[in-house]
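Read the structure below first, then the notes.
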Amino acid sequence: MSSDKKRVQFRAPNRLIDRTDALAAVLGEDRTDILVTALREYLQDAAHDDAITQEIAAAYYDGEISFEQLKALVGAEEAANFRVLKQQLDEGYVDDVADL
């Protein structure tokens with residue numbers, strides 16, 4: 001894992017942060033470790049959720065995210081598959097328009 005870090009700031013409900021602090025105390029960790037672990041696990045789960053993966057792919061096909069962002073979300077192999085499909089769809093679209 002990379003040691004590069006980016007500072008972020010966000011607002012969360014007091015109850016959620018209180019629960020995070022309680023868990024951090026039980027585990028002997030700090031709040032940041034708990035939040036980073038939770039975020040990492042959420043992103044990992046999202047990458048394996050078919051509905052979310054399709055939304056990610058659609059965002060890539062529509063140019064809303066870059067290939068590098070796609071790869072970070074779904075992994076290199078699946079991102080490569082989506083890139084090939086996007087190229088095929090683009091080529092197919094050009095052929096369909098040419099036939100009109």
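Listed values, structure above:
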{"read-out": "Some residue of segment 17-29 being over 30 Å from Ala80 (Cβ atoms), outside any helix (DSSP H, G or I), modelled with pLDDT of 95 or more and in contact with a helix residue (DSSP H, G or I) (Cβ under 9 Å, 6 or more places away or on another chain)", "value": "yes"}
{"read-out": "Thr32 being in a helix (DSSP H, G or I), surrounded by 13 or more Cβ atoms within 10 Å (Cβ to Cβ) and outside the structural domain of Phe82 (by TED's automatic domain parsing)", "value": "no"}
{"read-out": "Residue under evaluation Lys71, criteria (1) within 24 Å of Lys6 (Cα to Cα); (2) out of contact with any helix residue (DSSP H, G or I) (no Cβ under 9 Å at 6 or more places or on another chain); (3) of a type outside the set (Asp, Glu), criterion not met", "value": "(2)"}
{"read-out": "Residue within segment 36-59 that is touching a Lys or Arg at 6+ places or on another chain (Cβ under 6 Å) and not assigned by TED's automatic domain parsing to the domain that holds Asn81 present", "value": "no"}
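The values are calculated or read from the model by the stated rules, or taken from the named source; none is laboratory data. The structure displayed is predicted, hence computed values, not measured ones. Backbone-built Cβ (ideal geometry, glycine too); neighbour counts: all protein chains shown.
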